[in-house]
Amino acid sequence: MASPPPNYVEALRAFADQIFPVLDQRSYYELLNVPADADVRTVRAAFYRLAGQLHPDRFHTLAQAAVREQLETIYARICEAYRVLAHPERRTAYNKALAGGRKRLELGGRDSTGPRNPEDSIKHPEAKKFFRLGMVCLGKKDWKGAVMNFQFAKNFEPSSQLVSDKLAEAQSFAGAAKAGGAK
């Protein structure tokens, strides 16, 4: 990727010099340049406009490391503002915090919106290891290997319903394969 034109680099430096020193003093509304009563569509549009201009991929080749770090911090704060203002419950909590003088809302880590990993219920590390191996064997239709690994997992964590269920499943497949003459 070619380096940005000099005027672009100067514009980035000027922007960072202007915003970075007062970043902690700006509300999320001010960062996104939207009114406090802006609807989600307006918040989203403002975020995407800023993200298009300030995404770190646009200036990752910038020679001035300090400016690059400041721009990355500004971009991260803009993303934080979007995550809060685009979510009704967070926005309500933020407005209460803002009324109390706080400019940021601590989100407490990443959202876990994806499905829960079933093997997280297995506590013993060896049981977890053999459970994973059993799952790999199931995927490969290696029924005997699956039964063996799930039995090992069961030895380490006999009370796990998940391990018991998968062991029964593997035994069922192994029995059917034996009866049908297939692997």
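Every number here is computed from the coordinates shown, using simple stated rules; none is lab data. Only a predicted model underlies this, so the values are computations on that prediction, with no experimental measurement involved. So basically every Cβ, Gly included, is an ideal-geometry build from the backbone, and we count neighbours across all protein chains shown.
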- Leaving out same-chain residues fewer than 8 places away, which aspartates and glutamates sit with a Cα under 19 Å from that of K178? D142, E169
- Message: What lysines does K154 reach when the alpha-carbon gap must be under 19 Å and sequence neighbours fewer than 8 apart in one chain are set aside?
- Response: K123, K128, K129, K144, K166
- Convert each backbone phi in the range 136-149 into a coupling constant with the Karplus relation 6.51 cos²θ - 1.76 cosθ + 1.60 (shift: θ = phi - 60°), then list the ³J(HN,Hα) values in order as whole Hz, x for Gly and Pro. 4, 4, 4, x, 8, 6, 8, 5, 5, x, 5, 4, 4, 5
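Provide the net charge surrounding L23, with neighbours chosen by a C-beta distance below 14 Å and charges set as Lys +1, Arg +1, Asp -1, Glu -1. Could you put the intermediate results ahead of the total?
Details: positive: R26, R77, K103, R104; negative: D17, D24, E30, E69, E72, E80.
It works out to a net charge of -2.
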- Hz values of 3J(HN,Hα) by residue in the range 90-96 - Karplus curve (6.51, -1.76, 1.60), Gly and Pro given as x: 5, 4, 4, 4, 5, 4, 5
- Among (1) 14.0; (2) 17.4; (3) 36.5, the value of mean projected area of the Cα convex hull in nm² computed for this structure carries the label (2)
- Task: Report the paramagnetic label zone for Q64: residues of the range 19-51 whose backbone N is under 20 Å from a point 7 Å from Cα along the Cα-to-Cβ axis.
- Result: 19-24
